[in-house]
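The values are calculated or read from the model by the stated rules, or taken from the named source; none is laboratory data. Since we're looking at a predicted model, the values are computed, not measured. Virtual Cβ from ideal backbone geometry, glycine too; neighbours counted across all protein chains shown.
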Amino acid sequence: MLAARTRAADLGCVPTGSGAGAALRFLAAAIGAKSVVEVGTGAGVSALHLFAGMVPDGIVTSIDVESENLRAAKAAFADAGIAPARARLINGRGLEVLPRLTDGAYDLVHIDGARSEYPHYLVEALRLLRPGGIVVIDDALGNDRVSDPTQRDAETVAIRETGRLMREDENLVPVLIPLSGGVLAAVKLR
């Protein structure tokens, strides 16, 4: 984990905080996750937390636009002794890759990609999740900007909109966990 965090710093990407990582591990373990998708690989920190909570042969499909991030994640997984067959790393934009994944085939979807695309990722996540699956949105507090109505930048508005969509969807049971930058999670009922 420390090596992955160091690689993240070297790449200039912000890894999932330890509190949010603990929440990811907990949620993956709580539902016995076997198949997970994440948008935004970073240096593999969040996936390491997910692997720690998943069943021993569980698979993480991780999507990132930066090939350097995928290489860093692959190194992190090797350092942690995770079999290569358990990580499916895809280089591309989340909104181009997600539509090609199978409907209802995933236990958990972790969203930590382009903040301005969060509402679109949520739509795809709900299609990909099985009933009882969980969607997790990272950095849901938007550096404490989401709760300030005067903040109208595209990223903050998109995160705020994603929270609204989750609250208003009767097929979701959401919760905001104030860990790290905020973890917004929801269980898909059916």
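Residue-by-condition table, conditions (1) touching a Ser or Thr at 6+ places or on another chain (Cβ under 7 Å); (2) surrounded by 23 or more Cβ atoms within 10 Å (Cβ to Cβ); (3) within 22 Å of ALA125 (Cα to Cα); (4) of a type in the set (A, V, I, L, M, F, W, C):
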position: MET1; (1), (2), (3), (4): no, no, no, yes
position: CYS13; (1), (2), (3), (4): no, no, no, yes
position: ALA20; (1), (2), (3), (4): yes, yes, yes, yes
position: PHE26; (1), (2), (3), (4): no, no, yes, yes
position: THR41; (1), (2), (3), (4): yes, yes, yes, no
position: LEU50; (1), (2), (3), (4): no, yes, yes, yes
position: ALA78; (1), (2), (3), (4): no, no, no, yes
position: ARG86; (1), (2), (3), (4): no, no, yes, no
position: ILE90; (1), (2), (3), (4): yes, no, yes, yes
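For the stretch 14-26, check the following and say yes or no: at least one residue is at pLDDT below 95, part of a helix (DSSP H, G or I), out of contact with any Lys or Arg (no Cβ under 9 Å at 6 or more places or on another chain) and closer than 18 Å to ASN91 by Cβ.
no
Filter the stretch 1-49 down to the residues that are of a type in the set (Lys, Arg) and over 27 Å from VAL187 (Cβ atoms), then identify the one that is nearest to the chain's Cα centre (by Cα).
ARG5
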